[in-house]
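Only one structure is covered here, and it is reproduced in the block below.
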Amino acid sequence: MNSQNPQVKPKRKAPQQNPIEAALTSWFDSAFPGFQQHDRDRLLAQAPKRWIVYEPMVLLPTGAFGSAAWSEVLHSTDGEHLDELWRGILSAISKRQKVELIHLAVNEGIPLHTPGETGESNGAASTRQERVAEENILRSPSGLRMLYGDFGPSTISDPSGGPSEADFEAALWVSTKQNGIFQTWAPRWTMFSRGNIKEKARLLGFHSDRERERPQVQATAAAANEGTPRTERGIRTPREARARARRRLGNAWAVDLYAGIGYFVFSYARLGMRVLCWELNPWSVEGLCRGARANGWGVRVIRGRELALASSTGELFLDGGGEQIVVFLEDNARAAPRVDELRRSGALGADVGVLHVNCGLLPTSEASWRSAWDILQGSEEAWLHLHENVGVADIERRKGEIEGWFGELAKMDGGSKSAYVDHVEQVKTFAPGVWHCVFDMYITRSGSIT
């Protein structure tokens, strides 16, 4: 008989200790050797377990070290021992991530309203102070809790004139890579929404074959009103239009009315389109520029005196170098007139024009819808991407309201265009029962034939 040797099972590796827990345990031994074990256990149970790395910063989740027990410990500990704690956490996470991390902060929600805050404190133009005091239109991360490291000055050198190059250089800048695309921002001055990664990826694949295979939403409003299937009328379906437009992306433009640090701008740029951007926050614009350069895209910012002295937007483009991304540091209320001037001057080209308009403001982008519609006046077909926070039970109702709103615009403009929502993307939950949704509004001239 052949005897069989039993196979020796490889030993399982012992699970790694959470680096934050390891740092806390070491800190307790050093700073509070007399701590009772049950007190340690309680504090460890209430400590954060997760983190996000945005080099060279570690960002802890909302509420980290915010419990009553931790607040008592932190308030009773001197600065030297606190720094020892934060350094220990950074060191432990650095070893785990295999990268040097020297700044530590706690993520907090971006307030929609900032009572008492002025535009000057964020480097915005003074003419916008009253509005900024009511609404945090710059999406400034005023709740960020900076625990350790130099995040740069808390004020800018000349509040009346906005941030200078020296202010930008003095700030901390962090970066990350999503979908193969770099993004850069100053965490003291600018928000970053990690949850938008899904929508960025969707835009990258918007004209791909995979997107064409997605089940198509019925054109409820326009088709129902006319009583005839869209394909029988000879109108391009969105699925067919996406495939057709893919071959012309290199000659097309996208417009982002709330550009931020380039969240969706960079997806359009990666597709090969040129992008016109509007953004109010100069810190976001600087982050967009740094990110664009890191990705190898030319970028130009048009602002201040340059905007005031130009007789037309077309004149501004004559001095440009054909940059792929052009940013207007101004209110997006000027976007539609400027795009119209560019179209009339021939700066947009005659082949495709504007193919995408992104309206990415939450909780609602409705204030920009009329501008977005006007921007597409010269386009044979295009898509609007309308961002909204919507209760999960209200998504279909909101879709109908949006279609009705744009349907009325189409009638007011003579009925030469049709518009309907061909897809609703549920990006992420914003609150219990509330979704960040993107309504893809497909707009085409009624005479556009495949």
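The values are calculated or read from the model by the stated rules, or taken from the named source; none is laboratory data. For clarity, every value in this text was computed on a predicted model and none was experimentally measured. Virtual Cβ from ideal backbone geometry, glycine too; neighbours counted across all protein chains shown.
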Tell me, which residue of the range 354-384 that is crowded, with 21+ Cβ neighbours inside 10 Å and of a type in the set (Phe, Trp, Tyr) is nearest to Glu279 (Cα to Cα)?
Trp373
Looking at (1) farther than 12 Å from Tyr420 by Cα; (2) surrounded by fewer than 16 Cβ atoms within 10 Å (Cβ to Cβ), can you tell me which one Gly404 breaks?
(1)
Tally, over the range 142-170, of residues that are assigned to a loop (DSSP other than H, G, I, E, B) and within 29 Å of Ser71 (Cβ to Cβ)
10
Looking for whichever is acidic (Asp, Glu) and part of a strand (DSSP E or B) here; the options are Glu396, Glu401, Glu388, Glu408. Which one fits?
Glu388
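Within the range 417-438, how many residues are under 16 Å from the mean Cα position of the chain (by Cα) and either modelled with pLDDT under 95 or not acidic (Asp, Glu) (or both)?
Of all residues in the range 417-438, those under 16 Å from the mean Cα position of the chain (by Cα) come to 425-430, 435-438.
Keeping just the survivors that are either modelled with pLDDT under 95 or not acidic (Asp, Glu) (or both) gives 426-430, 435-438.
Number satisfying all stated conditions: 9.
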Residues being without any contact (Cβ under 8 Å) to a residue 24 or more places away in the chain and of a type outside the set (D, E, K, R): count how many of those fall in the range 269-316.
8
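Yes or no: Ser345 without any contact (Cβ under 8 Å) to a residue 40 or more places away in the chain and either of a type in the set (Gly, Ala, Ser) or not assigned by TED's automatic domain parsing to the domain that holds Gly260 (or both)? Full working, then the answer.
Values: without any contact (Cβ under 8 Å) to a residue 40 or more places away in the chain: yes; either of a type in the set (Gly, Ala, Ser) or not assigned by TED's automatic domain parsing to the domain that holds Gly260 (or both): yes.
For Ser345, the condition - without any contact (Cβ under 8 Å) to a residue 40 or more places away in the chain and either of a type in the set (Gly, Ala, Ser) or not assigned by TED's automatic domain parsing to the domain that holds Gly260 (or both) - is met.
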Enumerated helices (runs of 4 or more DSSP H) restricted to the range 278-326, each holding at least 3 residues that are within 20 Å of the chain's Cα centre (by Cα) and at pLDDT 95 or above
282-294
Pick from the range 157-167, criterion crowded, with 17+ Cβ neighbours inside 10 Å and within 29 Å of Pro363 (Cα to Cα), ranking: modelled with the highest pLDDT:
Pro163
Somewhere in the range 215-223, is a residue of a type in the set (Ser, Thr, Tyr) and at pLDDT below 95?
yes
Evaluation of His387 against (1) out of contact with any Gly (no Cβ under 7 Å at 6 or more places or on another chain); (2) closer than 22 Å to Val275 by Cα (one fails), failing number
(1)
